[in-house]
Amino acid sequence: MIVKNNPIQFLNNSTIYIMAPAGVATGGPEALHQLGHILKKHLNLNVIMFYVPNDLSNPIHENYKKYLIKFTNSIEDKKDNILIIPEYFDYLNRSKQFKNIQKIIWWLSIDNYFEFRFRYKNKKLLRSIIKIPYNIISIFKKITFNIFGIYTGQDYLKFIYSFFNLNNHKEISQAKLHLVQSSYAYDFLENKILNIEHLYDYLKDDFFENINFDKKDKENSICYNPLKSNEFMKRIIAKNPNYKFISLINLSTSEIIKTLKKTKIYIDFGSHPGKDRIPREAILLGNCIITNKKGSAFNNNDIPISDEFKFNERYTNLGEISRKIISIFDNYDVEYEKFSFYLNKIYLEKELFIKQVKKIFNNTI
């Protein structure tokens, strides 16, 4: 079967290279390895990981050895082969050296691409000059906070780039096909580039193997990811000194599972640059979710929860958030039931991912 409008040509002897960071275990690399695993297991395609940097003797993180995917430190640059590149700007820039291979960009986020592109393009002199408007923005944010909420550098860059023709970016125009991991990415890119297909990811089996949590073990505690926290999250913690906030940092998968099994709430006021994993993991293990309305959290497809659990980052909302926390602790069963739609959707993610992969890649000729 040939996918309608799919510009990628797959031959029986094609090699699919997947570019990924060496020795790193986060949501993005996890998705890239999952893709390689499904391509190999369900379509029997020749898949090879290409790690960056490519000069390490053992670049595979321990978490991904179970996928049993070969790796190489070189790419055979010919037109029959395919290179899948995450949207990390450095990787896209590196990929321009390969002139013949067919390229696919998988947009695992939106915000991160613009941030790292800006950093790369504005080194030295420009980077120092840009501090002036950023200082003005900082003052503006303090004055208008309760009207507009918190806006980060990523937010401003995304707004600016929304007026750009992304096909003029050489690192983007080199790709024949674009895959998006979130509705957020699709909505942003659909009028800016051609040939877009949905390819969502799924949670790893470790979490589904531990879904039998006991509600009796749940305590009135809240977990959050400090790497995604901002000034507003700090104010939420300060506003609720009587509750226990548990940081999800420097934890193994088993430690995260253990923590999520005992907490009742996961709060995420980060940027949500893609379809985040931790909110899904938290719901699966019995947590109610409270988020802002940024990035993928703004729409009801990537994070399909009721608006009563989504808040703009304004000081005037701190009291409302505290009341929602109290309501969850006092009426946990009733509040958690409100996440049943999202929970059922999470259960179907792997099946959907396999269908999407087959639609995109099962067109060998």
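The values are calculated or read from the model by the stated rules, or taken from the named source; none is laboratory data. This structure is a prediction, so every number in the text was calculated from the model and none was measured. Every residue, glycine among them, receives a Cβ derived from its backbone with ideal geometry; neighbour counts consider all protein chains shown. Keep in mind that these areas ignore ligands, DNA and RNA; they rest on the heavy atoms of the full protein, side chains included. Shrake-Rupley method; radii C 1.70, N 1.55, O 1.52, S 1.80 Å.
Numerical summary
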| item | result |
| --- | --- |
| Segment 252-365, relative contact order in percent, only Cα pairs under 8 angstrom and at least six apart counted | 23 percent |
| Residue 362 versus residue 314: modelled label distance in nm, points set 7 Å from Cα along the beta carbon direction | 4.9 nm |
| Highest-MSF residue in the chain out of 74, 271, 57 [GNM, Cα springs under 10 Å] | 57 |
| Partners for residue 258 among aspartates and glutamates (Cα-Cα distance below 19 Å; same-chain residues under 8 apart left out) | 205, 206, 209, 214, 217, 219, 268, 281 |
| Helix axis angle, 253-262 relative to the chain longest principal axis, alpha carbon, degrees | 30 degrees |
| Segment 10-18 - phi-based ³J(HN,Hα) in whole Hz, Karplus 6.51/-1.76/1.60, Gly and Pro as x | 9, 9, 4, 9, 5, 9, 9, 9, 10 |
| 0 to 90° range, to nearest 10: angle between helix 131-148 axis and the chain longest Cα axis | 50 degrees |
| Cα-based Rg / Dmax (Å) for the chain | 21.4, 63 |
| Computed label-point distance, nm, for sites residue 307 and residue 79 using a 7 Å Cα→Cβ extension | 5.3 nm |
| Cβ-derived FRET efficiency at R0 45 Å, residue 42 paired with residue 327, nearest 0.05 | 0.55 |
| Accessible area of the chain belonging to carbon and sulfur atoms, whole % at 1.4 Å probe | 52 percent |
| Surface accessible to a 1.4 Å probe, per residue, for the residues of the chain, Å² | 48 Å² |
| Sequence of 178, 42 from largest to smallest accessible area, 1.4 Å probe | 42, 178 |
| FRET efficiency, residue 235 to residue 165 (Cβ-Cβ, R0 30 Å, nearest 0.05) | 0.15 |
| Pairwise FRET efficiency - residue 221 versus residue 97, Cβ, R0 = 45 Å, nearest 0.05 | 0.35 |
| On Cα atoms only, tilt of 111-121 relative to the major axis of the chain in degrees | 60 degrees |
| For the chain: relative contact order, % (alpha-carbon pairs under 8 angstrom, 6 or more apart) | 18 percent |
| Unit Cα scatterers, Debye sum, segment 21-129: log10 I(q)/I(0) for q = 0.09, 0.10, 0.22 Å⁻¹ | -0.27, -0.33, -1.36 |
| Virtual paramagnetic centre 7 Å along Cα→Cβ of residue 244, amide N under 19 Å, in segment 308-350 | 325-333 |
| Residues whose placed amide H lies under 5 Å from that of residue 265, excluding near-sequence neighbours | 221, 223, 288 |
| Normalised contact order of segment 64-110, rounded percent, pairs of Cα under 8 Å and 6 or more residues apart | 42 percent |
| Under 5 Å, built H, 5+ apart or other chain: amide partners of residue 84 | 17, 18, 19, 104 |
| Theoretical ellipticity at 222 nm over the chain - DSSP helices of four or more residues, -39500 (n - 2.57) apiece, nearest 500 | -11500 deg cm²/dmol |
